[in-house]
Structure formats: structure tokens, C-alpha cells
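Notes follow the structure.
The values are calculated or read from the model by the stated rules, or taken from the named source; none is laboratory data. Keep in mind it's a predicted model, so treat the numbers as computed, not measured. Note that each Cβ is placed from the backbone with ideal geometry, even for glycine, and that neighbours are counted across all protein chains shown.
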Amino acid sequence: MRPIDLDAIDRKILIKVQADGRISVADLADHVGLSPSACHRRLKRLEDEGVIEGYVALVSPTALGRGTSVFVQITLDRQQDQDLRAFEAKVMECPEVMECYLMAGDADFMLRVVVADGSDYERLHTQTLTRLPGVARVRSSFTLRTVAKRTSVPMR
């Protein structure tokens, strides 16, 4: 996807919607200085063009007993297309995996998983991660605390 050309009003809309996804179109229109119908058209265009991918509620993992994040580097024994696809399909079935990235460098994949604690991660490691297709090595790093966590993409 190539970057979309955005004007100042589009950027204002995106900044406000990233901060409050439940804002009404009327309030958003007031904030950016448009009529509600013009604001709605712009919002719809941003959605249709894939700039706005969706709307979510941010749920606290800690409140649900999943307050420990672990970053996991996974190296596969082979990096053929079918091996990568097999791994990717199976990792998507694991609900603890919050993010998964194909990497360049030492590891083939970087995952961020959420677990309750060290014992919960041990279960995930032994019963799931090491059994994913083609896994040769798993390296884990536990977070001590979150210093920064953003959900808003910066606007230029």
C-alpha cells in the first residue's frame, strides 16, 4: 500500500479518532471545523482507502491476568516459502500471540506474547511455541515494565 495523500483536516481527523475512537461524527466535525456531513464523507473515505483499518477497545492485559509480556525470537530450521507459511498459519492459532513479525537478521520471527507469569510462559513455550512447524530455536526476553506504549501513529 502506498502512502495516502492527507491534508491538514484529514490529519486532524486521524489524530482525534486515534485518541477517541468513540467520538461522534458531530463532535469530530466540531473539532476539525467541518459540517457533520462533510466530516462523515472524509471519515468514510479514510476507512475505504484503508487509512483507518478499524476501531477497537484497548483492554488491559493486567486486568485479565495476562500482565506479563514476553518478546520471543524464533528461528526456523529452513526459510523456504512453504516453511514460513506453515509457521505463520499455526502461530495465528495461538491466542497469546499479540504480534508476530517476519524479521531480517538473526531471528526469522519476533513475537510479543502475553502470559500471566513465568509458569504460564513455560506452559506456552513447551506446549505451543517449540511445537510450531520448523522451529529450531526460541529465545525469550521478559519485560520488567512498560516504559512507552502507543496506539497512535504519528502524523507529519
Here are some residues: 7, 77, 48, 83. Which one is surrounded by fewer than 13 Cβ atoms within 10 Å (Cβ to Cβ) and in contact with a strand residue (DSSP E or B) (Cβ under 8 Å, 6 or more places away or on another chain)? 77
Quick one: which residue in 53, 96 is modelled with pLDDT of 95 or more, not aromatic (Phe, Trp, Tyr) and not assigned by TED's automatic domain parsing to the domain that holds residue 137? 53
Report, by residue number, each residue of the range 63-74 that is surrounded by 12 or more Cβ atoms within 10 Å (Cβ to Cβ) and either of a type outside the set (Lys, Arg) or under 19 Å from residue 25 (Cβ atoms) (or both). 65, 67, 68, 69, 70, 71, 72, 73, 74
Restricting attention to the range 128-156, the residues that are surrounded by 10 or more Cβ atoms within 10 Å (Cβ to Cβ) and under 30 Å from residue 9 (Cα atoms) number exactly 2
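Looking at this structure, is residue 91 touching a residue at least 60 places away in the same chain (Cβ under 8 Å), β-branched (Val, Ile, Thr) and surrounded by 15 or more Cβ atoms within 10 Å (Cβ to Cβ)?
The answer is no for residue 91.
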Picking from 46, 28, 14, which residue would you name as being more than 17 Å from residue 151 (Cβ to Cβ) and in contact with a helix residue (DSSP H, G or I) (Cβ under 8 Å, 6 or more places away or on another chain)? 28
Restrict the check to the range 125-133 and report whether at least one residue is in a strand (DSSP E or B) and either in contact with a strand residue (DSSP E or B) (Cβ under 9 Å, 6 or more places away or on another chain) or in the same structural domain as residue 15 (by TED's automatic domain parsing) (or both). no
